[in-house]
Each structure stands twice: as structure tokens, then as C-alpha cells.
Amino acid sequence: MDIGSDMETLIYAYGVMMAVIAFLGFITENTWLAITKGFIDNRNMNAPFLLGYGVLVLAIYFLFGTPQNLADWGIMCYIPDGAASYLFYYVLSFILVSVGEILLGTLVEKICGIEYWNYEWIPFHLTKYTSLPTSIMFAGIITFFMSNLFYPIMRGMLQMEPQCIKVISIALTTLLVCDFFASFYKMYQKQDFNILWKYELHHPQKEDHATSTYRD
């Protein structure tokens, strides 16, 4: 689907979109924590953005398109429009989320010496870093976002003045990248979480070790 605009402005708009998705990722994780753990926190970052979400979703878009407009390469050329394309996109998102969680969780544990999260308390977990229910949930959120919200948000941003998009994009991208490396450097140095704030919403029942991991 053509969303118009020159390439430079489009690139800056993608930068803003990355920040939007990163903020939604921050909200999503805290919603999950609020429901399952009874608290919200800074998610180890200084700013309310989780860069990994923005990078992952944009990578999916650049490589595979959207559910209603799949990229024109590989097996996707033979998938018919409609339910089949949505199902393919959902399964693809499920696989990428699962693999991404395992890689990220393992990498952080090796480098920072911390168990970034633990899904062993969830039925049908696949290693401690991913599970069938959570991957199903995240794949559904990604598929919904890409099919219903991605293009409208992009079109809305591209209606702004190009110089405005450029300034916002550079500022947000710089903030996200610097915060990501600064936060992980703190965790690497301390070999511990970067806890800046934590707000208890209620007092959940006492949990065993498998459910008391800080992040998830």
C-alpha cells in the first residue's frame, strides 16, 4: 500500500513510528505486570520506551509487509489475500516473538548475569523465556496493530510538516538509542536490574521462586 511522501520524510516518519511502538511496548509490559504481579515499574529503562519492540515490529514490516499487503517475495507471493494472509502473518509473528524472546533473555542473562524474566510459571512455556500463551498474545497484538493501526498512524504523521517530523524523529531516535545503551550498561556494571521506580497496585499473594522474578 502506497502511503506517499518522499523517501527522506518517510525515513524520519519510520523513526517516529519506532518510538510510538516502543512506547506501546512499555505500556503493554506494564499492563501485563499489573495484571499478573500487581505492580508497574520503569522496565529497566530511564524513559518510557522499550526499543526492542519498535525494532522488531519495523523489521517485520520491512521484511514481510502487513497482513493485508504482504511483501512480494518468497512464499508470500503465493499466499492469497484475506484470511490466509492474516493467518500467515500471525504465525510468522508468533515464531519471531518466540525466537526473539529466547535470544534476548539468554543474551541478557549471559552478559548482565540476571534472569531478565521467567515464564516457567505459565503453562506450556518453551524454555523460561517464552511460552505458548504469551507468544499467542503478542502475535495477536502485532497482527492487530499492523493490520489496523500502522498505516493510519503513518499517514497521520506524514501530514505534518517534513521539518517537524525530522526534528521529532531525530530527537526520539537519539533518546531511545542512548537510553537503551545507558540502561543496559548500568545493568552490566551492577549485574542487576536498573530499578528506578516501582508502584505497587495491590498486594498479590506470596509467590514461589518461579513466579517472583522481577521482570515478569
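Tell me whether region 98-110 contains one or more residues that are open to solvent by 60 Å² or more (accessible area, probe 1.4 Å), outside any helix (DSSP H, G or I) and not aromatic (Phe, Trp, Tyr). No; the residues of region 98-110 include none that is open to solvent by 60 Å² or more (accessible area, probe 1.4 Å), outside any helix (DSSP H, G or I) and not aromatic (Phe, Trp, Tyr). Consider PHE39 carefully, then state whether it is in contact with a strand residue (DSSP E or B) (Cβ under 7 Å, 6 or more places away or on another chain) and either surrounded by fewer than 19 Cβ atoms within 10 Å (Cβ to Cβ) or not hydrophobic (A, V, I, L, M, F, W, C) (or both). Criteria met by PHE39. The conditions of being surrounded by 15 or more Cβ atoms within 10 Å (Cβ to Cβ) and either part of a helix (DSSP H, G or I) or in contact (Cβ under 8 Å) with a residue 24 or more places away in the chain (or both) are not met by ILE75. Determine, yes or no, whether TYR14 is surrounded by 15 or more Cβ atoms within 10 Å (Cβ to Cβ) and either closer than 24 Å to CYS178 by Cβ or touching a residue at least 60 places away in the same chain (Cβ under 8 Å) (or both). The answer is yes for TYR14. Pairs meeting the criteria (first residue in region 141-169 and over 22 Å from ASP81 (Cβ atoms), second residue open to solvent by 50 Å² or more (accessible area, probe 1.4 Å) and outside any helix (DSSP H, G or I), beta carbons under 9 Å, at least 6 apart or on different chains) are LEU158/SER5; PRO162/SER5; PRO162/ASP6; ILE168/MET160.
Taken over region 50-72, the criterion of being assigned to a helix (DSSP H, G or I) and either of a type in the set (A, V, I, L, M, F, W, C) or over 15 Å from the mean Cα position of the chain (by Cα) (or both) is satisfied by LEU51, VAL55, LEU56, VAL57, LEU58, ALA59, ILE60, PHE62, LEU63, PHE64.
Being open to solvent by 70 Å² or more (accessible area, probe 1.4 Å) and either in contact (Cβ under 8 Å) with a residue 60 or more places away in the chain or not in a helix (DSSP H, G or I) (or both) is the filter here, so list the residues in region 78-97 that pass it. Selection gives PRO80, ASP81, TYR86.
The values are calculated or read from the model by the stated rules, or taken from the named source; none is laboratory data. Computed from a prediction, not measured in an experiment: that's the story for all the values here. Positions of Cβ are backbone-derived with ideal geometry, glycine not excepted, and every protein chain shown enters the neighbour counts. Ligands, DNA and RNA are excluded from the accessible area calculation, which covers all protein heavy atoms including side chains. Shrake-Rupley method; radii C 1.70, N 1.55, O 1.52, S 1.80 Å.
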